[in-house]
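Q: Handing you a structure now.
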Amino acid sequence: MSKLISIALGSLFAASVLFAQTAVAAAPAASAPAASDCAAKAVSKDGKRLSGAAKSSFMKKCEAHAKAAK
């Protein structure tokens, strides 16, 4: 019985270590600049890319929302 418990605890420990490593590996991708995401989303309702004042206004709002979401 104690052998079964030690195997179960060892498996849980190994799974938690694996989960922690994958969470750390995904963190740099999540902390990448939001500017590239916002730039990709900067399109008008008809699908054309924004430019000029409309783009800068959109980028400012998008980056503010991205920072608030973190």
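The values are calculated or read from the model by the stated rules, or taken from the named source; none is laboratory data. Predicted, not measured: the structure shown is a model, and the values here were computed from it. Positions of Cβ are generated from backbone atoms using ideal geometry, with glycine treated the same way; all protein chains shown enter the neighbour counts.
Q: Hey, does segment 17-34 have a residue that's modelled with pLDDT of 80 or more and either touching a Gly at 6+ places or on another chain (Cβ under 8 Å) or of a type in the set (A, V, I, L, M) (or both)?
A: Scanning segment 17-34, I find no residue that is modelled with pLDDT of 80 or more and either touching a Gly at 6+ places or on another chain (Cβ under 8 Å) or of a type in the set (A, V, I, L, M) (or both), so the answer is no.
Q: Of everything in segment 42-58, what is assigned to a loop (DSSP other than H, G, I, E, B) and over 26 Å from the mean Cα position of the chain (by Cα)? Give them in sequence order.
A: Result: 46, 48, 51.
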